[in-house]
Amino acid sequence: MAGIKDVAKAAGVSVSTVSYVLSGKRSISSKTTDKVLKAIDELGYIPDASAQKMRGQLNHIIAISEPMHEGLNQMQYSTYFMQSAWQARSAGYDVLLLTGPDAVADIERVTHSNLVDGVLLLDVEQRDARVAQAARYHKPCVAIGLPQSHKDCACIDIDFAKMGRRSADRLFALGHRRVALLRAQEIDYERHAGYLLLFRDAFLDRARQIGLDVFESGPVDNATFDVRKFVTGMLAKTPRPTALVSQSGVNILNLTVTALMAAGLKVPDDISVLSCGTFLRDEPMRRPVSEEPFEPERLCSIAMGSLISAIENRQSIAGEVTLIDPKFVDRGSLASAPAQATQNAGLVNDGTPTPASSSVARIQANEKISTSRPIVPSRESRDLEGELMD
């Protein structure tokens, strides 16, 4: 790795001049500054932010790596960052947010220069390069998430696999035998967002084990979600699903609940609704939905506490895994499966439509549920219901 002497030689200046350019303690001409900066860039020199500090002294800065990507959930993104920053501040640390696409390089830049004392990784994927290469940072590193490879990084997360199994068991115990699974955005599955895949895989595996039939939605996109197609498909099943499990955000969930209610189904009397791996607290819901949520405050508190303890006590926490028991928030949207849902859809002997076939007809006749309707803000769901019922 290039040193300050190499930079000075390449720029044709003294070592002290390079130091002054970096520190800003003296006025250096723009021409000389440009030569120094060019040499630094070409050589890949990383200045040591703590070079003038006493050996072992901390900077009290923590890097938070949370890369920005297409389709990110802004509420979730900001919530985790704000909770992490608040926990750091409470412990006397500042934070440096890293958002670039080359996350490993960004982390190496601030750790190799000793600018930061430790690293917190957010928005962790199943095959996360930041976690896999944590040994290269030479600083304590904690991830909120559980990727496949994590031997050099501490991991803290909710036990989403347990959440998936428990959700299937909960619905089965209430008498539900066919349920619908509303997926999250497809882009999040494609980028292998760990918590989504852990929950879905565990939920489907457990459902197969106990005999719970699952009707899964097709790919979901926030801009073009086809609520009519999904709800019509649910109600056309024989027997129809008596519960809806959702991994989707508040907007899509609101549209779906609104469409179900517009079809004449009552929550939870006719259909139960459970949201999993979401964060609906304080969100403007069409009606309250029971949830197995994220817990940003709790996760960030544990993660930041573990990281700061490792920094200040100079302890290795590499490979440690802490999984938190999922929390169930009962908001009254779960009930026992209705007996009438076990009837076959279609016509009974006297030609009278069953509840399932009546609901399908009601949805299909309602032209205001567009097959390409863009997602609207969740606050508008009440107005949308009025449109659907017109």
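Around the amide H of THR278, modelled in the peptide plane, lie the amide H atoms of GLU292, PHE294, all under 5 Å away and 5 or more residues distant in sequence or on another chain.
Provide the FRET efficiency to the nearest 0.05 for the GLU216-GLU42 pair, computing r from the beta carbons and using R0 = 51 Å.
Values: r = 53 Å, r/R0 = 1.03.
Once rounded, the FRET efficiency stands at 0.45.
Multiply the residue gap between SER29 and SER78 by 0.36 nm, knock off their C-alpha separation, and tell me the result in nm, one decimal place.
Numbers: separation 49, 0.36 × 49 = 17.64 nm, distance 4.08 nm.
Length gained, SER29 through SER78: 13.6 nm.
Calculate the FRET efficiency for ASP201 and ASP169 from the Cβ-Cβ distance with a Förster distance of 25 Å, rounded to the nearest 0.05. Efficiency, rounded to the nearest 0.05: 0.95. For MET68 and LYS237, a Förster radius of 51 Å and the Cβ-Cβ distance give a FRET efficiency of 0.85, rounded to the nearest 0.05. For the stretch 126-189, averaging the sequence separation of C-alpha pairs within contact (under 8 Å, six or more residues apart) and dividing by the residue count gives a relative contact order of 24 percent.
Work through the residues other than SER149 whose Cβ is under 13 Å from its Cβ and net out their charges, Lys, Arg +1 and Asp, Glu -1. Taking every Cβ under 13 Å from that of SER149, the sum is 0.
Give me the net charge for the shell around LEU196: Cβ to Cβ below 11 angstrom, other residues only, Lys and Arg +1, Asp and Glu -1.
Details: positive: ARG183, ARG191, ARG200; negative: GLU125, GLU186, ASP188, GLU190, ASP201.
Overall, the nearby charge balance is -2.
For LEU244, the amide hydrogen comes within under 5 Å of the amide hydrogens of ALA180, SER272, VAL273, LEU274, counting only partners 5 or more places away or on other chains and with H modelled in the peptide plane.
Roughly how many Å is it from the Cα centre of the stretch 179-231 to that of the stretch 146-174, as a whole number? Cα centroid of the stretch 179-231 versus Cα centroid of the stretch 146-174: 16 Å apart.
Shown in residue order for the stretch 223-234 are the 3J(HN,Hα) couplings computed by the Karplus curve 6.51 cos²θ - 1.76 cosθ + 1.60 at θ = phi - 60°: 7, 9, 4, 8, 5, 5, 4, 5, 5, 4, x, 4 Hz (x for Gly and Pro). Counting Lys +1, Arg +1, Asp -1, Glu -1, what net charge surrounds VAL124 among other residues with beta carbon under 13 Å of its beta carbon? After counting each charged neighbour, the total is -3.
Taking every C-alpha pair closer than 8 Å and separated by at least 6 residues, the mean separation divided by the residue count of the stretch 147-219 gives a relative contact order of 47 percent. Under a cut-off of 19 Å between alpha-carbon atoms, report the aspartates and glutamates in cross-link reach of LYS139, not counting same-chain residues fewer than 8 places apart. In chain and number order, the partners are ASP48, GLU66, ASP94, ASP102, ASP106, GLU108, ASP117, ASP128, ASP152, GLU312, GLU320.
Over 29 Å between Cα atoms, which of LYS162/LYS229; LYS5/LYS31; LYS266/LYS327 qualify? Long pairs (Cα-Cα over 29 Å): LYS162/LYS229.
Starting from 0.36 nm per residue, how many nanometres of slack lie between GLU186 and THR224 once their C-alpha separation is accounted for?
Gain on extension, GLU186 to THR224, equals 12.5 nm.
When only C-alpha pairs under 8 Å and at least 6 residues apart count, what is the relative contact order of the stretch 120-267, in percent?
Values: 222 pairs, mean separation 34.6, N = 148.
Over the stretch 120-267, the number comes to 23 percent.
Compared with the direct C-alpha span, the chain from ARG298 to ILE324 gains 8.4 nm at full extension, assuming 0.36 nm per residue.
Scalar couplings 3J(HN,Hα) for the stretch 177-187, obtained by applying the Karplus form with A = 6.51, B = -1.76, C = 1.60 to θ = phi - 60°, are 10, 9, 10, 9, 10, 8, 6, 7, 4, 4, 4 Hz; x denotes Gly and Pro.
Bear in mind that the values in this text are calculations on the coordinates, not laboratory data. Just so it is clear, the model here is predicted, and its values are computed rather than measured. Every residue, glycine among them, receives a Cβ derived from its backbone with ideal geometry; neighbour counts consider all protein chains shown.
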